[in-house]
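Novice: Take a look at the following structure, please.
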Amino acid sequence: MTRKSVTEQYPDALPELPPRTRGVIGLFEENCTVCMLCARECPDWCIYIDSHKETVPPAAPGGRERSRNVLDRFAIDFSLCMYCGICIEVCPFDALFWSPEFEYAETDIRDLTHERDKLREWMWTVPAPPALDPGAEEPKEIAAARKTAEKLAAAQAEPADPQEGAR
């Protein structure tokens with residue numbers, strides 16, 4: 001009470017946001033396989049996805065054609081979204097991320113449904129993940145890959161003929 005209050009002049013000075021701020025959801029479209037998990041798990045049903053199947057030619061001669069899903073529409077209605085993050089957590093291919101952007105107010109509520117172009121723009125504002133703790137254990141996947149690489153390197157370093165090594 002004895003100190004003078006400090007008022008942030010918001011439009012002129014942007015606020016200092018915590019590193020894990022939940023602002024808006026960004027879409028990394030290249031990782032999206034149209035599995036629809038995010039739309040199915042959303043408690044508000046605010047994610048709209050449309051897709052179609054395309055036939056992909058065989059990768060090798062004599063192979064068979066494959067079909068894959070192609071994303072036509074990915075939209076999130078932020079007037080319905082409750083920012084729970086379930087869609088980001090269930091995405092198995094890391095196509096959705098939290099962006100710290102918070103200035104996306106609209107004068108008409110119908111304009112709060114943002115299509116994939118706008119979601120892609122927000123993807124570039126997603127901060128890099130924090131660095132790993134130097135004292136932490138190495139992740140299991142990296143440790144297994146390193147061990148396999150060391151075994152392969154050791155196998156290649158050994159002579160092919162056992163009598164060559166004895167000479």
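The values are calculated or read from the model by the stated rules, or taken from the named source; none is laboratory data. Computed from a prediction, not measured in an experiment: that's the story for all the values here. Using ideal geometry, Cβ is built from the backbone for each residue, glycine included, and neighbour counts are taken over all protein chains shown. The accessibility values were calculated without ligands, DNA or RNA, using every heavy atom of the protein model including side chains. Shrake-Rupley method; radii C 1.70, N 1.55, O 1.52, S 1.80 Å.
Novice: Please name all residue pairs, on different chains or six or more residues apart, with Cβ atoms under 7 Å, provided the first residue is in the range 28-39 and is aliphatic (A, V, I, L, M) and the second residue is assigned to a helix (DSSP H, G or I) and surrounded by 14 or more Cβ atoms within 10 Å (Cβ to Cβ).
Specialist: Leu37/Val90
Novice: A follow-up question, please. Between a first residue in the range 122-138 that is farther than 19 Å from Pro19 by Cα and a second residue that is charged (D, E, K, R), which pairs have beta carbons less than 8 Å apart while being 6 or more apart in sequence or on different chains?
Specialist: Pairs found: Glu138/Arg146.
Novice: How many of the residues making up the range 1-35 are open to solvent by 80 Å² or more (accessible area, probe 1.4 Å) and not in a loop (DSSP other than H, G, I, E, B)? Give the steps one after another, and end with the answer.
Specialist: From the range 1-35, those open to solvent by 80 Å² or more (accessible area, probe 1.4 Å) are 1-12, 14, 16, 18-20, 22, 30; that's our starting set.
The next check asks that each one be not in a loop (DSSP other than H, G, I, E, B); those that pass are 30.
Going through the range 1-35 one residue at a time, the tally reaches 1.
Okay, residues lined up against (1) touching a helix residue (DSSP H, G or I) at 6+ places or on another chain (Cβ under 8 Å); (2) of a type outside the set (Gly, Ala, Ser):
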| site | (1), (2) |
| --- | --- |
| Ala13 | no, no |
| Arg20 | no, yes |
| Leu37 | yes, yes |
| Pro43 | yes, yes |
| Pro58 | no, yes |
| Phe74 | yes, yes |
| Asp77 | yes, yes |
| Pro100 | no, yes |
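Novice: Only residues that are open to solvent by 60 Å² or more (accessible area, probe 1.4 Å), under 23 Å from Ile47 (Cβ atoms) and either β-branched (Val, Ile, Thr) or in contact with a strand residue (DSSP E or B) (Cβ under 7 Å, 6 or more places away or on another chain) (or both): list them for the range 117-149, please.
Specialist: Arg120
Novice: Separate question: Mind listing whichever residues of the range 62-96 are touching a Pro at 6+ places or on another chain (Cβ under 9 Å) and under 23 Å from Gly23 (Cβ atoms)?
Specialist: Selection gives Met82, Cys84, Ile86.
Novice: What do you reckon, is Val56 more than 18 Å from Cys91 (Cβ to Cβ) and aliphatic (A, V, I, L, M)?
Specialist: In short, yes.
Novice: Continuing with this model, one more query. What number goes with the only condition from (1) surrounded by fewer than 16 Cβ atoms within 10 Å (Cβ to Cβ); (2) in contact (Cβ under 8 Å) with a residue 40 or more places away in the chain; (3) of a type in the set (Ser, Thr, Tyr) that Thr107 does not pass?
Specialist: It is condition (2) that Thr107 fails.
Novice: For Ala75, state whether it is open to solvent by 80 Å² or more (accessible area, probe 1.4 Å) and within 26 Å of Glu29 (Cβ to Cβ).
Specialist: So Ala75 fails the test.
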